[in-house]
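Shown next, in structure tokens, is the structure this report addresses.
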Amino acid sequence: MIKENTHIIIRAAVIAMALFPLSILANNSFEKSNTVPQSNVSLQEARANFNTKIVNPKDYNEKPPIPPKDIFSLVYYPAKDGDMSAYLTPDPKDGKKHPAVIWISGGFGGQGGDDFWTPAPKTNDQTGSAFRKAGLILMLPSFRGESGNPGQDEMFFGEIDDLEKARQFLAAQPYVDANRIYLAGHSTGGTRVLLASELLTGFRAIFSLGGVSDVKKWWGNADMSFLPFDTTSAEEFKLRSPGFFIESIKTPTFYFEGEEYYNTDFNILSSMAKDKNIPFYSNMIKGGDHFTIIYPITELISQKIINDTSEKTNITFTQEDIKKIEDSL
């Protein structure tokens, strides 16, 4: 769920609408540490014998608005709990197979009440418009318990399974190149895609903008009653925190955050990944914040995807690439 106001993010909670400071969602700069402990099992293995306990279920019943037909189709993809809504670029009817991107925006609650087609300012464009403008096929899925979908919102847990179902649905479209499907997300969406990089293998490359490494540290002293899961369980937090499972990454995964909110845990994780030949790379954008980085980075990612035509992905980000982003801010 995205909201135009960059000073607050509106989170629907049960019946009432609760307001939280933006700093809670954007703050990636929690206490510094010299190490990030790693799980001795993969995220897949850790989740296999664990059942999340939802103690504070949310009610995100607002349906997604109908999009302009020339920009998106409102579609439904099958998942464990039932059919989930998504926006999808319509078939261009040119007989070609096109590369595609799944984009997961920030906030909570899905797409109810949000508008992903009205032009947004380049200083805070959470709609993923750069991918559309580049001619890529774009899918914006919602997940269990969001946007009036069946099931319960699990916040960084079961929706990763739904994401794989969304990818399979996208891959089955006759105008999509199933071997060139990419995943990108911002803020809470950035955390979701980091978790996906540790659980899923069907994406060609993955891009996280402003995701977090440790959900409990990120949430800090904010109101725990908003969280749907059992907050007395350390394991509930751990299995939602991608920083503990960096060794599970198999797909090339690129992390970006503006200097203002950059968490140095990602320097540690990137260094660890380099030492262990794990395809994870982190980039701090000097002069950027949690929102100003979105458009120039997604614009650059789009061009990288268009040029990524080899048998295996050839995407990299050079220091020159990062400098161009910084100079554009």
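The values are calculated or read from the model by the stated rules, or taken from the named source; none is laboratory data. Not measured: the values here are computed from a predicted model. Please note: Cβ atoms are built from the backbone with ideal geometry, for glycine as well, and neighbour counts cover all protein chains shown.
The figures follow:
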quantity: Residue in the range 35-64 that is surrounded by the most Cβ atoms within 10 Å (Cβ to Cβ), counting only those that are in contact with a helix residue (DSSP H, G or I) (Cβ under 7 Å, 6 or more places away or on another chain) and among the polar types (S, T, N, Q); calculated: Thr52
quantity: Boolean, Thr127 is of a type outside the set (A, V, I, L, M, F, W, C), crowded, with 18+ Cβ neighbours inside 10 Å, part of a loop (DSSP other than H, G, I, E, B) and modelled with pLDDT of 95 or more; calculated: yes
quantity: Test: residue in the range 257-279 that is in contact (Cβ under 8 Å) with a residue 60 or more places away in the chain and closer than 22 Å to Phe131 by Cα; calculated: yes
quantity: Boolean, Glu146 is in contact with a Phe, Trp or Tyr (Cβ under 6 Å, 6 or more places away or on another chain) and farther than 19 Å from Gln38 by Cα; calculated: yes
quantity: Residue selected from the range 297-322 under the condition closer than 14 Å to Asn283 by Cα and of a type in the set (A, V, I, L, M), by the criterion farthest from the chain's Cα centre (by Cα); calculated: Ile322
quantity: Qualifying residue in the range 151-170 (condition: free of Cβ contacts under 8 Å to residues at least 40 places away in the same chain, part of a loop (DSSP other than H, G, I, E, B) and either touching a strand residue (DSSP E or B) at 6+ places or on another chain (Cβ under 7 Å) or of a type in the set (A, V, I, L, M) (or both)); calculated: no
quantity: Hits in the range 88-123 (condition: buried (at least 18 other Cβ atoms within 10 Å of the Cβ), modelled with pLDDT of 95 or more and either among the hydroxyl-bearing types (Ser, Thr, Tyr) or not in a strand (DSSP E or B) (or both)); calculated: Thr89, Ser105, Gly106, Phe116, Ala120
quantity: Selection count where residues are over 13 Å from Asn149 (Cα atoms), free of Cβ contacts under 8 Å to residues at least 40 places away in the same chain and not basic (Lys, Arg), scope the range 62-93; calculated: 5
quantity: Members of the range 277-305 that are assigned to a loop (DSSP other than H, G, I, E, B), over 19 Å from Pro242 (Cα atoms) and of a type outside the set (Gly, Ala, Ser); calculated: Lys286, Asp289, Phe291, Thr292, Ile293
quantity: Filter result for Met84 (part of a loop (DSSP other than H, G, I, E, B) and among the hydrophobic types (A, V, I, L, M, F, W, C)); calculated: no
quantity: Positions within the range 54-76 being acidic (Asp, Glu), in contact with a strand residue (DSSP E or B) (Cβ under 9 Å, 6 or more places away or on another chain) and farther than 21 Å from Ala166 by Cβ, in sequence order; calculated: Asp59
quantity: Of the criteria (1) crowded, with 19+ Cβ neighbours inside 10 Å; (2) touching a Gly at 6+ places or on another chain (Cβ under 8 Å), which one Glu326 fails; calculated: (1)
quantity: Per-region count, the range 306-329, residues assigned to a helix (DSSP H, G or I) and out of contact with any helix residue (DSSP H, G or I) (no Cβ under 8 Å at 6 or more places or on another chain); calculated: 7
quantity: Which listed residue, of Ala205, Ala234, is in contact with a Pro (Cβ under 7 Å, 6 or more places away or on another chain), modelled with pLDDT of 95 or more and among the aliphatic types (A, V, I, L, M); calculated: Ala205
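Let's see how each residue does on (1) in contact with a Phe, Trp or Tyr (Cβ under 7 Å, 6 or more places away or on another chain); (2) closer than 23 Å to Gly210 by Cα:
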| residue | (1), (2) |
| --- | --- |
| Asp83 | yes, no |
| Thr89 | yes, no |
| Ser105 | no, yes |
| Gly109 | yes, yes |
| Asp115 | no, yes |
| Thr123 | yes, yes |
